[in-house]
Structure formats: structure tokens, C-alpha cells
């Protein structure tokens, strides 16, 4: 009990004077129906009698593939290597194949492998992810909410069917309002679904004016992220601390590792995008129909179905979000309504 209290105090004081050492190992083919992954073993873990927390980091699409070293390019592992942040926890970072989306069952199997081979404090398991990893965070935490102590989803989206489960865990949703790779309406949809699913939920959301997709990377290098996560464990009955440890626009302006993401930010903007369509939760009688061409000048029309976004329509019809907004007199962050007619030309 004394050890648990001591560790809790250490977790809240997350910024150390000495940089953490990187003890990261690569694992290939270790998990049936799982992923290859990197695992950072904390310096404090000296024998199997010591129980340590676990952070699951889910990367974005640009880090997908077969080269595990890419997973160190940004995120929790990179924060350990390049800053004074020491999370005092195991950090597992699976790698998603380039042609796939995150599968919550495969993530679960990787998590279980770590639990079986190391002494993990099962009351302190956290998941964080960005972009494609934000989608993965919503889906994994949603399907396996009973396994998770807290979660943070950056510039992603998810399946509304998991809303009721997500309402049971501390969840911080973040998104830049100027994000053109994944419109912040995707996060807003999940926030609303979660809050509408239950009278009691532990969800907070932060939407940042002027921040684009790549800007959200900096959250992983902010001590507040780890401080916020470590408030929660599975033994707590009071989860009302969700509004502690704020992250504001001024924190992004400080650029925790200033200059490091200048060129990489452009790479993120070019490559990051959701790898699947948000699911349709209910069937609707309103279906897109072929336009009746009355003349050569008749514009093409799309009738909005549940889950449609401007980003998806721009990809489907090989146009741009800007053109769709101009044609329809709407803003880029507009949330489309089922049955709404969208002029494509």
C-alpha cells in the first residue's frame, strides 16, 4: 500500500531533472493475431515483483508499415528519447500495417502479451493515439473499456456504437479546428454521442482554433498529458478529475520541442488521413440517387447519409473541400445533416 502511494506521488511529479533513458526493445511475430511492436521498459523495473503502469501508444497513418523504427518518429517513445519526460511506465507501441486500420482485438492481444511477460499494474493501463491512432484509441477503449484506466484521442474519430462504453472511462478528446486531414467534426460527433449515451460520463473535449493536423503532435511532449492520465486508476470510484491539468493554445505556441516538426509537419499534412469510413450505425431510407440530367449544365448532387463528411465526399468525388464549401455556401467545419443535398459541381 505504501509503495502504491509512493508511486502515485511520483507519477504526478512527472517532469524530472534527469532525462529518461531509452530501454526500447523490438518484438516481431510474438503475438498471434497481433502486431509487431516496440516496448520501452522503465528504468525503475528491476525485477518481476515490481508492478508498473502501461501506456499503449497508437501512431498515425504515416508511421504504418514494416519498419518499427518509424514508430519512434513521434509520440510517447520519442518523448522519452528526446525530452526530460519519464513516464515511469512500460510503453508499448505496436505498428499497424500500411494497408490496414487499427484492429482493437489485435491491440488487445499485444497488451495481453505484455501483461503475461512483465508485471503490469492492471489498475493503471492507458491508451493514447493520434489521427489513425485517434480512431484506434476510440475503438480499442470503446470495445475494451473495462481494461482501460483512461484514454486520450487526438484528431481522430470512432464508432458511435461504442459511445456507451466510452462514457464509463476518463477520456480526453482533442482536435485542431483547422485540421484538413481529419475534420474536427469527427471528434465532435464522438463527443456528442458519448454524452448523449449516458447521464454520467467522464469525457472532456478540447477544440483548438487555428491548429492543424500536425500541431497536435506536440501533446505527447507536454507533461500535462501524463499528469492527467495518472490521476486515474481502476480502483477509483471518483472520476470527476477530468478537468484537471489543462492544455491551452499557449502550450502549443511554446512548441515543446521547437523546430523539430517543421518539415515533419508538412509530411503529416500530406500523408495522414483516416484509413476507413466511419461506420453507419442505422440504416436510412435516404439513399443517394443518380441525378436526373435535364441539361448538360445540371450539377451533380450527393444526398448525405449518416457518417458522411466533407473530407470523405472530396475523396469520393475527386474534388476539394474548398470547392464543396464554395458550391454549397458552408464552412469547412460544417457538420452535414442526413438528407442534405450537396452540390458537387
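The values are calculated or read from the model by the stated rules, or taken from the named source; none is laboratory data. These numbers were taken from a predicted model, which means no experiment stands behind them. Neighbour counts are summed over all protein chains in view; Cβ atoms, including those assigned to glycine, are modelled from backbone coordinates with ideal geometry.
On the stretch given as the stretch 31-59, residues that are in a loop (DSSP other than H, G, I, E, B), at pLDDT 95 or above and touching a strand residue (DSSP E or B) at 6+ places or on another chain (Cβ under 9 Å) total 5.
Exactly one residue out of 343, 323, 316 is over 15 Å from residue 180 (Cα atoms) and surrounded by 14 or more Cβ atoms within 10 Å (Cβ to Cβ), and it is 343.
Here residue 215 passes the criteria (1) over 12 Å from residue 174 (Cα atoms); (2) crowded, with 20+ Cβ neighbours inside 10 Å except the one numbered (1).
With respect to residue 194, determine if the residue is surrounded by 21 or more Cβ atoms within 10 Å (Cβ to Cβ), in the same structural domain as residue 59 (by TED's automatic domain parsing) and within 29 Å of residue 312 (Cβ to Cβ). Yes; evaluated as a whole, the condition is true for this residue. When 167, 163, 205, 214 are checked against the criterion of being closer than 29 Å to residue 90 by Cα, modelled with pLDDT of 95 or more, out of contact with any strand residue (DSSP E or B) (no Cβ under 8 Å at 6 or more places or on another chain) and assigned by TED's automatic domain parsing to the domain that holds residue 58, a single residue qualifies: 163.
Does residue 75 fit the bill of being farther than 22 Å from residue 230 by Cβ and within 19 Å of the chain's Cα centre (by Cα)? Considered against the rule, which asks whether it is farther than 22 Å from residue 230 by Cβ and within 19 Å of the chain's Cα centre (by Cα), residue 75 comes out as no. Would you confirm whether any residue within the stretch 31-53 is without any contact (Cβ under 8 Å) to a residue 12 or more places away in the chain, over 23 Å from residue 145 (Cα atoms) and surrounded by fewer than 18 Cβ atoms within 10 Å (Cβ to Cβ)? Yes, some residue in the stretch 31-53 is without any contact (Cβ under 8 Å) to a residue 12 or more places away in the chain, over 23 Å from residue 145 (Cα atoms) and surrounded by fewer than 18 Cβ atoms within 10 Å (Cβ to Cβ).
Can we say residue 91 is farther than 24 Å from residue 195 by Cβ and touching a helix residue (DSSP H, G or I) at 6+ places or on another chain (Cβ under 6 Å)?
Yes: the conditions hold for residue 91.
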